[in-house]
Amino acid sequence: MGNSITRRTFIKHSIAGASGATFLWCLGCSSNPDFDLILVGGLVYDGSGEQPSQLDIGIKDGRISGLGTLRDKSALRKIDVSGLAVAPGFIDFHSHSDDELLLGGDPQSKIRQGVTTEVLGQDGDSMAPLTPEMLKKLDEGLQGRYGVSADWLDFAGYFARLEQSGMISNAISMVGQGTLREYAVGPDDRPATEAEVRKMIDLAQAAFAQGAYGISSGLEYTPGSFASTDEIAAVCASMKGQGIYSTHMRNEDDTVVEALEEAIKIAKWSKSRLNISHMKASGKRNWDKLYLILENMKTSRVKGLPITSDRYPYVAYNTGLSSLFPLWSRDGGKDAFVERLRDKSLHPRLRETVLGKIEKIGGWEAVVVSSIPDNPDRANLEGRNMADLTAGGKDPFQYLVDLVLTEDGGGDMVGFAMSEDNTSRLLANPYNMIASDGSALGTEGKLLRGVPHPRAFGTFPRVLGKYVREDGIMSLQEAIRKMTSLPALALRLKDRGQIREGFAADLVAFDAATVIDKATFKNPHQYPAGIPYVLVNGKVVIDQEAYTGTLAGRVLRNPVV
């Protein structure tokens, strides 16, 4: 970790960075300076999508309090950002850092990309509400993975724990439809009773009262997948037309068009805003369906439905190895799933579904084992595709079953099932947000695990470097809009996502000529280049590409729903 800013407050020096930017320390300032901090000379992209302007930015008490020519104003510190683009801090609309943000300053892979706010509770899975049994399972998982405990049952407790731990970035959370269903119904594949639906509605409304921003679903994952369309719509109606429904749809390959129709139906019936998580048409035979999907979304938007999507800049997704198996095999939870895998009489049925899914993905070579923490041979297996692992006549299906059993039903994979053309088309779509669908990780300690999807380290700089600068699929100001004001608008955030006086001073300064991701599928644990400064609530968290040790993040609670 780098030294904290406070230890250097009275040291005057300048350090040249990749962009040639320098530090300017304010010695001899009055006891009541005009600003706490001034960013001097940057090319400011305000997040609106409009052309940038050369502006200084004055910050006081965590807020943007001055814009214009401020070079002659006093401040505790001035940072020369000449030659750098300055933008609002990026909002990662689809994040899985629910666990990692409990670890203080260790999970740095997002903040080093310029992400200042992460939206948690995605894909139907949130950290609350919990029954005592659900809490016990969560606590065991957190203790085993990171050595931290879980001691809350609701969002009030989880949010308090995040703030007590100290946060490297801001956090927002959705409430997971799958979590609500597990609480009220359990892990079984059956319709919810009227009383159970009422319980889910009550739980959701309690979550909103404690600050949750909306409802997410992951309808390819159990137990959320066992819910009917009407059940989900009834739960979403608990937002009373004020919230957002963000869905990992029921299908993203062969029936993706029908899955979108279901999502639109739920949003219309419940009067919710709609977001389609990690939008894709997966599998080569479905790639041409993307045009129809986008047209259907456009038609719904014209008819008055607020609908957005989010997507990461890669042609591969990340999920659990268990997702290769049919939903019926996962009915009843993890223990029941493991028992079915051990039952060889079920293997013919399981094999049929697994092989069908593998064909849609593109073959065993398109499936890469990314994380198997309980496997004694993990160092030799992680990062390799299944075709390679089963070379020499091994049965890939049986190998997969054994691998998942070793992980007690767990393990993660990366699937290369999307096209580059579709990826570019989605990223450039004006209503698509840039989002990682990944966790905040690190390059050392417990956060250096497995061979995770590189999106955890590279999503935002990859868009800025590859897709904007190199490929030219959209302008820089448009890309920044998709990372800032568009997610803020989708969430109805009042004071973030743009550079405006009175807004929170979440800011990122980067070199548009050099910013780039360095993480790869083979070597993902690499921070990006070209992002020297990141501010969270007016505090410098990344300083000349080094972490300062500052924990300036906070939980952003929804005041509306």
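General observations
- In segment 99-111, the condition of being within 20 Å of K494 (Cα to Cα) and at pLDDT 95 or above is met by no residue.
- Counted residues, segment 67-84 - those being more than 17 Å from E545 (Cβ to Cβ), surrounded by 19 or more Cβ atoms within 10 Å (Cβ to Cβ) and not basic (K, R): 2
- The set of residues from segment 116-150 being out of contact with any Lys or Arg (no Cβ under 7 Å at 6 or more places or on another chain) and of a type in the set (D, E) comprises D123, D125, E133, D139, E140.
- Within segment 179-216, considering residues that are out of contact with any Lys or Arg (no Cβ under 8 Å at 6 or more places or on another chain) and of a type in the set (S, T, Y), the one nearest to L556 (Cα to Cα): Y213
Yes/no per residue for (1) touching a helix residue (DSSP H, G or I) at 6+ places or on another chain (Cβ under 7 Å); (2) more than 30 Å from K271 (Cβ to Cβ); (3) surrounded by fewer than 17 Cβ atoms within 10 Å (Cβ to Cβ); (4) of a type in the set (A, V, I, L, M):
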position: G304; (1), (2), (3), (4): no, no, yes, no
position: L327; (1), (2), (3), (4): yes, no, yes, yes
position: E339; (1), (2), (3), (4): no, yes, yes, no
position: S345; (1), (2), (3), (4): no, yes, yes, no
position: G362; (1), (2), (3), (4): yes, yes, no, no
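- Pairs, first of a type in the set (D, E, K, R) in segment 253-276, second part of a strand (DSSP E or B) and at pLDDT 95 or above, C-beta under 6 Å, six or more apart: R273/I244
- Taken together, G411, G332, G392 contain a single residue that is within 30 Å of F93 (Cα to Cα), outside the structural domain of G144 (by TED's automatic domain parsing) and at pLDDT below 95, which is G411.
Yes/no matrix, rows are residues, columns are (1) assigned to a helix (DSSP H, G or I); (2) surrounded by fewer than 24 Cβ atoms within 10 Å (Cβ to Cβ); (3) not hydroxyl-bearing (S, T, Y):
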residue: D189; (1), (2), (3): no, yes, yes
residue: M200; (1), (2), (3): yes, no, yes
residue: A204; (1), (2), (3): yes, no, yes
residue: A233; (1), (2), (3): yes, yes, yes
residue: C236; (1), (2), (3): yes, no, yes
residue: S246; (1), (2), (3): no, no, no
residue: E252; (1), (2), (3): no, no, yes
residue: E258; (1), (2), (3): yes, yes, yes
residue: E262; (1), (2), (3): yes, yes, yes
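- Residues of segment 122-141 that are touching a residue at least 60 places away in the same chain (Cβ under 8 Å) and either more than 19 Å from A204 (Cβ to Cβ) or of a type outside the set (S, T, Y) (or both): Q122, D123, G124, D125, A128, P129.
- All strands (runs of 3 or more DSSP E) inside segment 49-94 with 3 or more residues being of a type outside the set (A, V, I, L, M): 53-60, 63-68, 75-80
A quick yes/no check of all residues on (1) under 15 Å from the mean Cα position of the chain (by Cα); (2) of a type in the set (S, T, N, Q):
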{"site": "F457", "(1), (2)": "yes, no"}
{"site": "G465", "(1), (2)": "no, no"}
{"site": "Q477", "(1), (2)": "no, yes"}
{"site": "K494", "(1), (2)": "no, no"}
{"site": "V508", "(1), (2)": "no, no"}
{"site": "D511", "(1), (2)": "no, no"}
{"site": "T514", "(1), (2)": "no, yes"}
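- Subset of segment 486-513 [crowded, with 16+ Cβ neighbours inside 10 Å and more than 20 Å from L39 (Cα to Cα)]: L486, P487, A488, L489, A490, L491, R492, L493
- Qualifying strands (runs of 3 or more DSSP E) (wholly inside segment 444-561; at least 3 residues being closer than 14 Å to P88 by Cβ and touching a strand residue (DSSP E or B) at 6+ places or on another chain (Cβ under 8 Å)): 507-510, 533-536
The values are calculated or read from the model by the stated rules, or taken from the named source; none is laboratory data. Quantities reported herein were computed from a predicted structural model and do not represent experimental measurements. Don't worry about glycine lacking a Cβ; one is built from the backbone with ideal geometry, like all the others, and counts go over all protein chains shown.
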